[in-house]
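Below is one structure, written out as structure tokens, with a few remarks after it.
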Amino acid sequence: MRLLAPRLAYFAGVARTEHVTRAAQELQVPQSTLSRALVRLERDLGVDLFARHGRTVSLTPAGRTFLASVERALAEVGRAAESVRADADPASGKVAFGFLHTMGSETVPGLIRAFRADHPRVRFSLVQNYGEAMLEGLRAGELDLCLTSPVPDAPDLVARRLDEQRLRLVVPDDHRLAGRKRVRLAEAADEAFVTLEPGYGLRRITDALCAEAGFKPRVAFEGEEAETLRGLVAAGLGVALLPPPAVARPGVVELTVTGQRAVREIGVAWLDGHPDTAPVAAFKRFLLGRRGQLLPR
């Protein structure tokens, strides 16, 4: 492939014109360069691709077979080139953007709407996932930017804190604490907790806050999405530490946690040293300009 690939366009050009001189003019290369490339191509393949007739040429049966695959390969390369150019276009390029599930119903749609007021044709590839999976997406080149929590601290990433969310203790509406507005987390030490699975940022924050309050949470159920946890709380299956919902859910009461700083920080992260396309750079500037104003109040 290393030897053949640079000569494929030359071969296709001569096959199309059936004339080396005209093909050299169209391809804007010296005729001698083109002729030598074709000879080397045939030598490397070990077959004759052309029958020579003075200044004109015609494809041999092997040449016709080879041409069909070459044209498909060149067309695919052309489509790939057009795709990456389109994605990098300042006005209509694409941003691969990851974010936490809890930010999908309200925060991210609002951000994109505000950004597209000035960049109406920029396209987005949106990925909802938990924090560690998104960081791996950055490293794999699958994401350009992500909103995550906790704000990562890794040598290969750049991260900036943008905002914070107060976490609330969510209890069933018939719970013994439901009549309160505020609660110390230690008062829930004997409760069953419903939490996100290990590996999720909010789970790490929950475990850390409970440890700070002097207990290890007794986990009854683990899930992958905050609103599912609220449903489990509403069903009387436990209590949970969660960020505010986009829409109030019946069957639960959300209590302010006092006595400790029960928050989760939200930040934007990207791969260090990774060059930005124009639309990615514009969206990054937009997000950094929303410090302290990222989340709905």
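The values are calculated or read from the model by the stated rules, or taken from the named source; none is laboratory data. Computed from a predicted model, the values in this text were never measured in an experiment. Quick reminder, even Gly has a Cβ in these numbers, built from the backbone with ideal geometry, and neighbours come from all protein chains shown. All accessible areas refer to the heavy atoms of the entire protein, side chains included, with ligands and DNA or RNA removed. Shrake-Rupley method; radii C 1.70, N 1.55, O 1.52, S 1.80 Å.
Does V158 fit the bill of being on the phi < 0 side of the Ramachandran plot, open to solvent by less than 70 Å² (accessible area, probe 1.4 Å) and among the β-branched types (V, I, T)?
It is true that V158 is on the phi < 0 side of the Ramachandran plot, open to solvent by less than 70 Å² (accessible area, probe 1.4 Å) and among the β-branched types (V, I, T).
For the range 174-196, enumerate the residues that are in a loop (DSSP other than H, G, I, E, B) and touching a Phe, Trp or Tyr at 6+ places or on another chain (Cβ under 9 Å).
A189, D190 - these are the residues of the range 174-196 that are in a loop (DSSP other than H, G, I, E, B) and touching a Phe, Trp or Tyr at 6+ places or on another chain (Cβ under 9 Å).
I'd like the residue in the range 248-264 that is more than 16 Å from G179 (Cα to Cα) and in contact (Cβ under 8 Å) with a residue 12 or more places away in the chain and, out of all such residues, is surrounded by the most Cβ atoms within 10 Å (Cβ to Cβ).
Selected residue: R264.
Name every residue in the range 194-208 that is hydrophobic (A, V, I, L, M, F, W, C) and over 21 Å from the mean Cα position of the chain (by Cα), in order of residue number.
Selection gives V194, L196, I205, A208.
Within the range 271-281, is there a residue that is at positive phi and under 26 Å from the mean Cα position of the chain (by Cα)?
yes
Inspect the range 197-210 for any residue being modelled with pLDDT of 95 or more and either in a loop (DSSP other than H, G, I, E, B) or in contact with a Gly (Cβ under 7 Å, 6 or more places away or on another chain) (or both) and give the result as yes or no.
No.
Can you pull out every residue in the range 138-155 that is out of contact with any Phe, Trp or Tyr (no Cβ under 9 Å at 6 or more places or on another chain), of a type in the set (A, V, I, L, M) and crowded, with 17+ Cβ neighbours inside 10 Å?
Result: V151, single match.
How many residues, within the range 265-289, are open to solvent by 50 Å² or more (accessible area, probe 1.4 Å) and touching a strand residue (DSSP E or B) at 6+ places or on another chain (Cβ under 6 Å)?
Within the range 265-289, residues that are open to solvent by 50 Å² or more (accessible area, probe 1.4 Å) and touching a strand residue (DSSP E or B) at 6+ places or on another chain (Cβ under 6 Å) number 2.
Are any residues in the range 89-106 farther than 30 Å from E197 by Cα and open to solvent by less than 40 Å² (accessible area, probe 1.4 Å), and if so, which ones?
Result: S92, G93.
Search the range 17-44 for residues being under 17 Å from L4 (Cβ atoms) and open to solvent by 90 Å² or more (accessible area, probe 1.4 Å), and hand back the single one that is nearest to the chain's Cα centre (by Cα).
Once the filter is applied, the top-ranked residue is R40.
For the range 14-112, list the strands (runs of 3 or more DSSP E) that sit wholly inside it and hold at least 3 residues that are in contact (Cβ under 8 Å) with a residue 40 or more places away in the chain, closer than 30 Å to G131 by Cβ and not small (G, A, S); which are they?
94-99
Looking for whichever is of a type outside the set (D, E, K, R) and in contact with a Phe, Trp or Tyr (Cβ under 7 Å, 6 or more places away or on another chain) here; the options are F215, F283, F221. Which one fits?
It is F283.
Would you check if V47 is over 43 Å from the mean Cα position of the chain (by Cα) and modelled with pLDDT under 90?
no
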